[in-house]
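The values are calculated or read from the model by the stated rules, or taken from the named source; none is laboratory data. Everything quoted here is computed from the prediction, not taken from an experiment. Positions of Cβ are backbone-derived with ideal geometry, glycine not excepted, and every protein chain shown enters the neighbour counts.
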Amino acid sequence: MNKRWIVVASVALTLGAAAIFQQYGNSPESNTMQEPIDEVPVEEVSNEVYLYGINVTGLNIVEGTVSKNQTLATILAPFNVPYQIIDEIAKKSKEVFDVRGIATNKKFTVITPSDSAQAQFFIYEPNPAEYVVFNLDSVDIYKAEKPVEFVEKEIAGVIEDRSNLAVEMLKQDVSYDIVDQFADLYGWSVDFGALQPGDKFKVVFDVKMIDGNVIGAGEIKLAYMEHRGEPFHAIPFEQNGEMNFFDQEGNSLKKAFLRDPVKYTRISSRYNLRRFHPVQKRYKAHLGTDYAASRGTEIRSVGDGVVTHATYTSANGNYVKIKHNGTYTTQYLHMSKIANGVKPGTRIKQGQVIGYVGSTGLATGPHLCFRFWKNGKQVDWLREKIPPSEPILAANKAAFESTKFEALKVLANITYPGETPKLVAGVEGNPNQTTLKAKTD
């Protein structure tokens with residue numbers, strides 16, 4: 001067991017009160033009495049130490065990591081915790097955290113009173129963001145989250161020859177989650193499968209940090225994409241109580257449907273009225289779009305709707321069918337399994353996970369076959385013109401122009417790799433007319 005001892009000693013600070021006396025001299029003219037002096041107030045200074053929300057002042061703390069094959073019992077045995085308490089903790093904690101899930105290399109902390117050899121608290125960290133506290137005196141167990149700090153980050157990149165968006169973003173330590181968000185944001189504007197060398201991108205986003213370490217991605221706050229010389233801006237603006245992204249003209253980037261039901265993947269087979277079926281070995285219409293993905297990849301509903309089917313057939317395997325409105329219906333085939341709670345009548349939100357990629361039914365390997373109905377007829381999903389969401393309202397145009405002006409200044413000051421001059425936004429008379437000028441430092 002890798003552990004180090006930290007002794008937290010309490011320091012008692014005592015401040016004395018001082019009395020100041022002023023002496024008046026006696027004179028024949030006056031015999032003044034000494035005036036009483038007010039006492040200087042004493043302020044007690046707290047020097048208490050807290051860890052995981054526990055006052056550990058004066059307590060002994062041991063930190064360690066779980067070794068191979070260690071269990072709760074073997075971790076706590078050296079700290080003189082009776083087996084009866086360990087057994088009671090293990091049984092009682094199942095609803096909060098099953099101690100059988102204690103894993104190798106995870107951090108734990110044991111807290112012991114200074115006047116006792118028996119541990120009082122055991123804290124286990126199942127992941128960087130959460131911890132579970134076991135009070136070994138009261139046999140109480142609870143889970144809590146560490147405070148998360150959001151730090152803003154800016155990056156820019158250029159698509160190189162034989163490269164793609166994910167590769168260029170990952171070069172700059174950007175998580176796949178931000179890549180997915182970016183792809184979703186521009187899904188209906190940019191064909192990411194047809195990016196060209198020289199295409200450019202800029203993105204402002206948050207990263208989640210705990211104890212100074214990055215533990216995940218936040219949300220994209222601002223973005224820019226240049227594809228084949230055409231600029232695509234993603235400017236955030238709140239309208240009707242909802243935050244969405246808009247282009248420079250105030251058109252919403254959000255559509256009624258997500259561009260892809262599987263996050264940032266490739267299309268392995270398109271809608272084709274005469275395709276050679278890999279299993280049945282004959283030509284037949286393929287009325288769906290196949291997305292190649294590894295087994296277990298999350299499948300998302302492309303839009304809001306109600307589940308009409310969530311079942312299994314020999315051809316479709318595990319599948320879900322969703323009616324979005326009177327016009328559109330979608331279907332998701334060959335799932336390894338259907339997500340919990342997804343059944344006929346369930347209301348689904350856009351982007352909600354409804355199942356996981358598999359190869360059930362007539363499938364040679366793991367993929368998602370996605371089918372799209374319009375007015376009761378299966379159509380080519382990739383050729384459909386999906387109606388956009390509401391653009392900037394006339395009443396909000398002035399506020400949007402102000403937001404856009406600030407956003408363009410931020411984007412202009414983000415430089416591409418190897419670029420030395422910074423671009424700064426300048427205005428000529430009207431803040432709604434923004435020009436970009438090269439800044440020579």
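A few notes on this one:
Residue-wise test of (1) at pLDDT below 95; (2) more than 19 Å from residue 146 (Cβ to Cβ); (3) of a type outside the set (D, E, K, R).
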site: 43; (1), (2), (3): yes, yes, no
site: 48; (1), (2), (3): yes, yes, no
site: 79; (1), (2), (3): no, yes, yes
site: 89; (1), (2), (3): yes, yes, yes
site: 102; (1), (2), (3): no, no, yes
site: 107; (1), (2), (3): no, no, no
site: 112; (1), (2), (3): no, yes, yes
site: 116; (1), (2), (3): yes, yes, yes
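- One residue alone among 215, 235 is out of contact with any Leu (no Cβ under 9 Å at 6 or more places or on another chain) and of a type in the set (Val, Ile, Thr), and that residue is 215.
- Every pair of residues 6+ apart whose Cβ atoms lie under 9 Å, when the first sits in the stretch 197-226 and is within 16 Å of residue 149 (Cα to Cα) while the second is of a type in the set (S, T, N, Q) and surrounded by fewer than 18 Cβ atoms within 10 Å (Cβ to Cβ): 207/175; 214/175; 215/127; 216/175; 217/175
- Residue in the stretch 345-358 that is within 28 Å of residue 226 (Cβ to Cβ), at pLDDT below 95 and among the charged types (D, E, K, R) present: no
- With respect to being crowded, with 19+ Cβ neighbours inside 10 Å and either hydrophobic (A, V, I, L, M, F, W, C) or within 25 Å of the chain's Cα centre (by Cα) (or both), residue 54 falls outside the description.
- Test: residue in the stretch 82-101 that is in the same structural domain as residue 68 (by TED's automatic domain parsing), among the aromatic types (Phe, Trp, Tyr) and either crowded, with 20+ Cβ neighbours inside 10 Å or closer than 19 Å to residue 61 by Cβ (or both): no
- Among the residues of the stretch 66-77, those that are touching a residue at least 24 places away in the same chain (Cβ under 8 Å) and assigned to a helix (DSSP H, G or I) comprise 72, 75, 76.
- Filter result (assigned to a strand (DSSP E or B) and closer than 17 Å to residue 323 by Cβ) within the stretch 346-379: 347, 348, 354, 355, 370, 371, 372, 373, 374, 377, 378
- Going through (1) modelled with pLDDT under 90; (2) crowded, with 17+ Cβ neighbours inside 10 Å; (3) of a type in the set (A, V, I, L, M) one by one, residue 194 falls short only on (2).
- Inter-residue pairs, beta-carbon under 6 Å, first assigned by TED's automatic domain parsing to the domain that holds residue 376 and more than 9 Å from residue 360 (Cβ to Cβ) and in the stretch 309-323, second basic (Lys, Arg) and loosely packed, with under 14 Cβ neighbours inside 10 Å, 6+ apart: 310/343
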